[in-house]
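Here is the structure we will look at, set down as structure tokens.
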């Protein structure tokens, strides 16, 4: 729950969000779900979630296994259809939109399971999203994107020959090539070494500084601590806590749901 | 003018044909994700085995048993040599088994000529008023139901059946529980082949025994399996019922061609509008009722 | 700037459009070989009889049918058993329209009408499937069932009731009397027979092949290949995959349709066997054997297999279908990528490591002697 403590100066329009950033009439909510519900057969995976992210935020989504984090992300991108509730993106109601339409609105995603096109080269992988946003020659854009994610010179390497970390970066590159406003990353550093995690963290922060809003699912608390503006804790399909990483870390109940399996 | 009794008998005939043709294919597809387009040729092998045994002097029941046996052996041989490489590759299995079927049909033609002396159809006819219908073909509906019941009992009451269902649902977990999936697949394929052989054996007396006879079975079987959905037995039964009714009704009114076309069109509609198949619809309804009751 | 370097620049620009990672054969050597073979193919009717040329034209028009499946299946990943549906629709339509209209102009008009019908049928079937989110094996199944429907339907169209205008559909007996392809009016026209027909088919094949190369190596081609590899991923990159698949499928229908027109004009006859299960699978056989990702392979395989089948049936051998069946089975199990990609891969591997396969020289004379 965001703390709506008013600015001491008394202006009711300025308030502090979980991100610790001040928002005002100029700062928009980029993504907002309202009462989002998802049921699979008899199982309720998402149980009435109001989840909001402001423009420019770097929000991390954490929670015990099975909390519904990936499901929430898939609902936002349209991989799953919501059983109930609404999703707003940049002011528009995207609940009924198909996935590719949401992507065109500006939502990008990097999946949990690396899903680059294994048989294609790195260049070809990035070309596919790039050619949708670039008229004419895409080669420059593709090379730039590869450079940016630290894969400069890897153009002709087949994706299946890349290391796990390199594939993760390639996927981020593919998502970034679409020039999204919102990037959803599902466990971007799973299986990576400490050094690689640092590289991904830097990359994400760079992209965030360039204006991309992030929602990142991660289990690595150090990673989260390093990059997050704010954290949302999901538990049993509902928002359990929201706040800064320090608040969450200090919260006993959060610790209990991780350890106690409530 | 729809003749009520005739329609009923025609339905039973269609139902039997579809179920007996499809059950072997359905079990194999349900277990191994293999679409065996050579299924028609397996049925043909059963028919040939039966006919040749009968023509050699054996009584019909023995000939039928022989047909089933021959097909089971053939199935086992083909499974060990070719089919086992195609598991979980539905598209490749379609192409490869189609090729196999081509080869088998032509091989039969080369080895045994263009046709065999057919067995006469036993048991005579049911007469009602001025109409008659083959008693044998109608009784096959009873056989079809018996086969379904037997399969159900095997699947639910025997240890083999439980393991089989586990493997169908989740092969990895089943393997982790100690089920030898390789052997399970082989046995299942043998059962599927035996059932195909049974279909061929039972229908051999009712049709001309030619190398290409499998294709008429294949069409019905194939369509029934793909519209049946994920639940093997329920799907086959429902498909037999639904498609059998469509076929019987339209054939009765407009002739066999229209019946066949109608059946196929209904199948396409089911494939498009009911992605989980006929059994999927039933299970969704069942789930919903359970949830409401809870 | 000399004229020759200007020509080379133009050639390079053309080659740039025709080449890319999605096609095999991107070297100067390839194109030289291609040009040579093409020259030979064009010269072919000059040293064989008109009958022979006409006969070979059949294999070439089948090649066009194979190309239609190659682009749909090999490049977009849509296994369709239904190419013969469009083939047959166009062939029958051509027959109906050309016979009804009678004149040379009528024949000329029948060509685009037939191709248009095939295109529309493909569009409708594609829309029905892809906008219903049917994919993968179920597309193969639905297209197979549609083919069966048509086979059953056309087989029972014997009799006078089944007549369009003055043309009977003919049921099992088929529709005879289909005129040769002709373009023009009564006054001035070109009729395509024998060698001239051969040249027409060959040209159509070459134009289609080159056109498809351009398509496949461009933006649309990349989208197609992406869909073949992982269509959900492509959707997440903002592509409306339904629309891409529908477009490819419709294109395949158009090509198969044109092939059907050529077929009907070739034999002056058409019957429901074009919808038979056997013929419906032949394109799958040709493309599988030739190589799903190689259009050239598809064409080469078609010509080879059909020529071979014809040879076998001439000698009265019954083994044709057995061999075809075993060939297909062997390819699926042993060389699943198909022959041309397989050969290409072997050649590329050999080229990048020329010492492969050459045994190591013995360390010392003693060692060599001991071997």
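Give me A:53, A:204 sorted ascending by neighbouring Cβ count inside 10 Å, so fewest comes first.
Final ranking by Cβ density, sparse to dense: A:204, A:53.
Regarding segment C:51-274, what's the average projected area of the Cα-atom convex hull, expressed in nm²?
12.4
If you find the alpha carbon centre of segment C:145-174 and of segment A:58-118, how far apart are they in angstrom?
51
Take every residue in peptide C:32-45, count the Cβ atoms of other chains within 10 Å of its Cβ, and give the average of those counts.
So the per-residue partner count for this stretch is 0.
Taking every pair of distinct Cα atoms and averaging 1/r, then inverting, what Kirkwood hydrodynamic radius in Å comes out for segment B:23-63?
Evaluated over segment B:23-63, this radius sits at 11.5 Å.
Rank these for me by crowding, C:73, C:307, going from fewest to most other beta carbons within 10 Å.
Fewest-to-most Cβ neighbours within 10 Å comes out as C:307, C:73.
Determine the distance separating the Cα centre of segment A:123-180 from the Cα centre of segment C:211-225; give it in Å without decimals.
19
What is the mean number of Cβ atoms from other protein chains located within 10 Å of the Cβ atom of each residue in peptide C:136-144, rounded to a whole number?
5
Rank these for me by crowding, C:293, C:46, going from fewest to most other beta carbons within 10 Å.
If I rank by nearby Cβ atoms, fewest first, I get C:46, C:293.
Using only the alpha-carbon atoms, what does segment C:208-352 span along each of its principal axes? Please give whole angstrom values in decreasing order.
55, 43, 26
Mind checking C:269-280 for the average number of partner chain beta-carbons within 10 Å of each residue's beta-carbon?
Taking the mean over all residues of the peptide, I get 1.
Per the Cauchy relation, a quarter of the hull surface: what is the mean projected area of the convex hull of the alpha carbons in the protein assembly as shown, in nm²?
Values: hull surface 219.0 nm².
Mean projected area for the protein assembly as shown: 54.7 nm², to one decimal.
Translational diffusion coefficient, Stokes-Einstein: compute it for segment B:233-294 using the Kirkwood radius over C-alpha pairs as Rh, at 20 °C and 1.002 mPa s, and state it as an integer in µm² s⁻¹.
169
Calculate the spin-label point distance for residue C:3 paired with residue C:35, positioning each point 7 Å from the Cα along the beta-carbon direction, and give it in nanometres.
If labels sit at residue C:35 and residue C:3, their model points lie 1.6 nm apart.
Distance in nm between label sites at residue B:128 and residue C:42, each 7 Å beyond Cα in the beta-carbon direction?
7.3
Taking Cα centroids, how far is segment A:203-227 from segment B:41-107 in Å?
Each part's Cα centre sits 60 Å from the other's.
Nearest 10 degrees, 0 to 90: what angle lies between the long axis of helix C:295-314 and the longest principal axis of chain C (Cα atoms)?
In chain C, helix C:295-314 runs at an angle near 70 degrees to the longest axis.
Tell me the Rg and the Dmax, in Å, that the Cα atoms of segment C:136-245 produce.
In order Rg, Dmax, the Cα atoms of segment C:136-245 give 21.3, 58 Å.
Based on the Cβ-Cβ distance from residue C:52 to residue A:119, what FRET efficiency comes out when R0 is 30 Å, to the nearest 0.05?
Numbers: r = 42 Å, r/R0 = 1.41.
After rounding, the FRET efficiency stands at 0.10.
With all pairs of different alpha carbon atoms counted, what Kirkwood hydrodynamic radius in Å does segment B:64-171 show?
So the Kirkwood estimate lands at 18.1 Å.
If you count, for each residue, the other Cβ atoms within 10 Å and average over each peptide, how do A:63-74, A:93-104 line up from highest to lowest?
A:63-74, A:93-104
Please list, in order, the residues from segment B:240-267 whose amide nitrogen is less than 16 Å from a point placed 7 Å along the Cα→Cβ vector of residue C:161.
Counting backbone N atoms under 16 Å from the label point, the list is B:250-262.
Quick one: if you stick a label point 7 Å off each Cα along the C-beta vector at residue C:105 and residue A:47, how many nm between them?
7.7
Taking the Cα atoms only, what angle lies between the long axis of helix A:164-176 and the longest principal axis of chain A, rounded to 10 degrees?
Computed tilt is about 80 degrees.
If you look at just the Cα atoms of segment B:4-211, how large are its Rg and its Dmax in Å?
18.1, 62
Go ahead and estimate [θ] at 222 nm for chain C from helices alone: -39,500 (n - 2.57) per DSSP H run with n ≥ 4, summed, over the residue count, rounded to 500.
For chain C, the value works out to -23000 deg cm²/dmol.
Report the Cα-based extents of chain A along its three principal axes, largest first, to the nearest Å.
53, 42, 38
Which value, to two decimals, describes the C-alpha radius of gyration of segment A:91-176 once divided by 2.2 N^0.38 Å?
Normalised by 2.2 N^0.38 Å, the Cα Rg of segment A:91-176 equals 1.14.
How large is the direction-averaged shadow of the alpha-carbon convex hull of segment C:18-167, in nm²? Numbers along the way, then the final one.
Working: hull surface 50.6 nm².
So the mean shadow area of the Cα hull is 12.6 nm².
What FRET efficiency, computed as 1/(1 + (r/R0)^6) with R0 = 45 Å and r the Cβ-Cβ distance, is obtained for residue B:284 and residue B:190, rounded to the nearest 0.05?
0.85
Each value in this text was obtained by applying a stated rule to the coordinates, not by laboratory testing. Just so we're clear, the structure is a prediction, and the values are computed from it rather than from any experiment. Every residue, glycine as well, gets a Cβ built from its backbone with ideal geometry; the counts of neighbours run over all protein chains shown.
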